Amino acid sequence: ALWTRDMVGFLLGCSFSWEGLLKQAHCPPRHLQQGCNVPMFVTNRKNEAAGIFQGKLVVSMRPYRPDQFETVTEITSRYPLSHGGPIHYGDPQALGIDTSNANWNMHPDFGDGVPIEKNEVPVFWACGVTPQTAIMEARLPLVITHAPGHMFVTDLLTSEIMQRY
């Protein structure tokens with residue numbers, strides 16, 4: 001058997017939990033409109049070390065107009081177990097994301113690129129792919145994990161999860 005008694009398992013919340021609510025509030029994420037995965041970028045921000053685990057913060061990016069910031073922040077901040085509200089609005093270089101390519105947003109480290117329109121600003125959230133950078137740096141002999149954009153599926157509704165916390 002692949003699974004042994006000395007292994008542990010855990011689940012992390014996902015921003016996919018609140019994307020439907022953004023759509024309902026007329027702030028649909030661009031990647032949903034395009035039928036692709038959210039773009040994710042590795043930042044230069046080191047995670048706080050926990051034993052052999054450290055890695056770097058990974059962020060997901062969704063472009064929004066400044067007049068949508070308040071709505072987007074209010075909705076996503078209600079879900080702290082699913083990455084919560086945005087951690088940064090604007091210049092990706094402030095997070096250490098390489099923008100030397102004019103189309104940086106079309107070349108994420110994980111997921112798919114999405115265009116940013118002239119009237120939009122990139123908005124960044126902490127991402128559940130972050131633990132994978134810690135796992136990669138730890139060089140563990142065996143890890144079973146998700147592929148970015150392919151998450152744990154449950155029969156709980158987002159509204160039911162919110163009632164529990």
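The values are calculated or read from the model by the stated rules, or taken from the named source; none is laboratory data. Owing to the predicted nature of the structure, the values given are computational and were not obtained by experimental measurement. Using ideal geometry, Cβ is built from the backbone for each residue, glycine included, and neighbour counts are taken over all protein chains shown. Remember, those area values only see protein heavy atoms, side chains included, never the ligands or the DNA or RNA. Shrake-Rupley method; radii C 1.70, N 1.55, O 1.52, S 1.80 Å.
Just one of T76, T133, T71 is β-branched (V, I, T), open to solvent by 30 Å² or more (accessible area, probe 1.4 Å) and not in a loop (DSSP other than H, G, I, E, B); which is it? Of the residues listed, the single one that is β-branched (V, I, T), open to solvent by 30 Å² or more (accessible area, probe 1.4 Å) and not in a loop (DSSP other than H, G, I, E, B) is T71. Restricting attention to region 30-79, the residues that are in contact (Cβ under 8 Å) with a residue 60 or more places away in the chain and not small (G, A, S) add up to 24. Scanning region 85-120 for residues that are of a type outside the set (A, V, I, L, M), assigned to a helix (DSSP H, G or I) and either at pLDDT below 95 or within 23 Å of Q34 (Cα to Cα) (or both) gives P92, W104, N105.
Test of understanding: among H107, H83, H31, which residue is of a type outside the set (V, I, T), open to solvent by less than 20 Å² (accessible area, probe 1.4 Å) and out of contact with any helix residue (DSSP H, G or I) (no Cβ under 6 Å at 6 or more places or on another chain)?
Details: H107 fails: open to solvent by less than 20 Å² (accessible area, probe 1.4 Å); H83 fails: open to solvent by less than 20 Å² (accessible area, probe 1.4 Å).
Just a single option satisfies the conditions, and that option is H31.
The set of residues in region 53-68 that are part of a strand (DSSP E or B) and open to solvent by 10 Å² or more (accessible area, probe 1.4 Å) comprises F53, K56, L57.
Inspect all residues belonging to region 94-104 and state whether any of them is open to solvent by less than 40 Å² (accessible area, probe 1.4 Å) and out of contact with any helix residue (DSSP H, G or I) (no Cβ under 8 Å at 6 or more places or on another chain). Yes, the conditions are met somewhere in region 94-104.
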